[in-house]
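J.: To start, I am sharing the structure in question, which I have written as structure tokens.
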Amino acid sequence: MQLFTLPILSEYPMILTLLGLIAGGLLTLLVGQKSEKGGQAMAALSLLGGLFLNILLVLQIWNGATVFHDIVWLGNPSNPIMTLGFLGDGLSAAVAILILGLGLFSVLFSFVYMKKVENPGLYYSLMVWFVAAMVGVVYATNLMQFFIFYELMLIPAFILVYLYGVSEDAQERSRNALQFWVWTALGGLISLLATFILFGATGTMDIAVLYTSPLAVSTAQTIGIIFLLGFGIKLGLVPLHVWAPPVYREAPMPVLVLLSGAMTKTAAYGVIRIVIPIVWTAMETFTTGLMTIAIITMFYGAMLAIAQKDLKMMLAYSSISQLGYLMFGYSTMTLMGLSGAAFQLINHGILASLTFFCAGALKMKTGTLEFDKLGGLAPKMPILASIYILGALALAGTPPLSAFAGEWMIFAGAAQLATSANASVILVILTVLGVVATGLTAGYYLWSIRRIFLGPIRDGFEQVTDPPKIILGIIAILAIIVVVLGVWPWLLWRFMNPVLSGLLGGG
């Protein structure tokens, strides 16, 4: 039973979201050429409209329902060659709302942070189209549609990094943007190769049909490894993370929020929606190896985060480390571990964005993010300091904040696997190492709090104050969500868990 319906809007929320974002981006481009504020308003309204439509979608699936639309793309209705499908369920709706919400907040943050941006109409339209492509990935019901949107999202992302990167040297900026393009496009093409092999073996690209299509074990293992290689590049798993540090350094903070908080999550979503239900049972022999890669990613990112001299790059390497937790949860192949990874997918998107927004606000008010030049800012910026500390503690897995629930489920799933009948001592060791990694996270975040907000105030910062109200409002909303999901994780669990249970069951 649907909780709420609204004619037309409730009937086609996903299609209207995509059409609205595409048209909204075009209007933003046109209006923004004449008026920066007009372009800003169009971008914000486009994303707010998409968010509203997806809230309507959530109200429709409140009691476990799904919303599905299928449009013939190639062929005729009686014998379609390929269709465009849009699926709204507890998983896709949650990820779409994350992407749209972060897109809206990034645009609002840009109002203050990107005041001197050149060609504002182009900047804000690219932000809207970037979000539109990511949302298209999440809604997709067939593999070709998935990868069309998956590759399309690289175009606005590349242009945003190339044109609006922070490097004053245009050659360095173009080199970092090109490196981002080459690596992430390669990840998409590798995954597309797995798609064609899967189509050759089954004769279909419909994701739901593939859940029940028989595959030889060797074929399924080949497909699974290729998919994980492709998705792993975009996730930034070690050693496939080469593109991430220079791009994170280059991207302006609002763009970085979308890259780290949203774009990487489309790859994580692809693992849940495609890889796990289609080929994961054939991948059980690789569980130990995949968990090892996840552990290496967790420790590598954490150790490099500790070594950083500025907050932005510490947060960048922290994001790489945190994505290792997602892979660790996937690798357990248990409902508990997968649920924890899915929970962390949403949770890390919120927390990474919260801390990056705080870093951007700090850069605005002080002109630097270098630890050696900061200190004693808590009395001068009490609201920003309080929210950053809350986000840091949450990322460290402190109860009752949101990351605790996700990490608990991930490690509980690993413990289930490690104590099963055929488990090896290596799985126990990997589980223990995963828990130890959370201690490193707590270490570098607590150290950043000490270096930025505690101790004596540095010269030149006596007049520093909290950032503008629009920024405080953004980070305050994210902080409230972190607390609410930590205290009551069931709010998210109730939507996602039935879908995850079905995916592990093969459909």
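Every read-out reported here was derived from the displayed coordinates using simple, explicitly stated rules and does not represent laboratory data. As the structure is a computational prediction, the values presented were derived from the model and not from experiment. Here the Cβ is made from the backbone with ideal geometry for all residues, glycine too, and neighbour counts use every protein chain on show.
J.: Classify region 386-481 from the C-alpha gyration tensor, please: rounded if a/c falls under 1.5, else prolate or oblate depending on whether a/b exceeds b/c.
T.: oblate
J.: On a 19 Å Cα-Cα criterion, which of the cross-link pairs Lys116/Lys363; Lys115/Lys373; Lys309/Lys469 come out too long?
T.: Those over the limit are Lys115/Lys373; Lys309/Lys469.
J.: Now a separate question. Going by a ≥ b ≥ c, the root eigenvalues of the Cα gyration tensor, does region 105-187 fall in the rounded group (a/c under 1.5), the prolate group (a/b larger than b/c) or the oblate group?
T.: oblate
J.: Using +1 at the Cβ of each Lys and Arg and -1 at the Cβ of each Asp and Glu in the chain, identify which of Gly136, Phe68, Tyr211 lies farthest towards the dipole's positive end.
T.: About the Cα centre, the residue reaching furthest to the positive side is Gly136.
J.: If you take the charge dipole of the chain about its Cα centre, with +1 on Lys and Arg Cβ and -1 on Asp and Glu Cβ, which of Asn54, Trp490, Leu478 is farthest toward its positive end?
T.: Projecting each Cα onto the dipole axis, the largest value belongs to Leu478.
J.: In the neighborhood of Gly376, defined by Cβ-to-Cβ distances under 12 Å, what is the net charge if each Lys or Arg adds +1 and each Asp or Glu adds -1?
T.: +3
J.: At a threshold of 8 angstrom on Cα-Cα distance, excluding pairs fewer than six apart, so keeping six or more, what relative contact order does region 291-412 reach in percent?
T.: Averaging sequence separation for qualifying contacts and normalising by length gives 28 percent for region 291-412.
J.: Now a separate question. Rounded to the nearest Å, what's the spacing between the alpha carbon centres of region 411-442 and region 446-465? Just the number, please.
T.: Measuring centre to centre over Cα atoms gives 38 Å.
J.: Quick one: net charge of Gly460's neighbours, Cβ under 12 Å, K/R +1, D/E -1?
T.: Here the count lands on +2.
J.: Hey, another quick one. In the chain, with Lys and Arg counted as +1 and Asp and Glu as -1 at Cβ, which of these residues, Tyr317, Ala302, Ser167, has the Cα nearest the positive end of the dipole, that is, farthest along it?
T.: Ser167
J.: In nm, what is the difference between 0.36 nm times the number of residues separating Ala442 and Leu454 and their Cα-Cα distance?
T.: Roughly 2.7 nm would be gained on extension.
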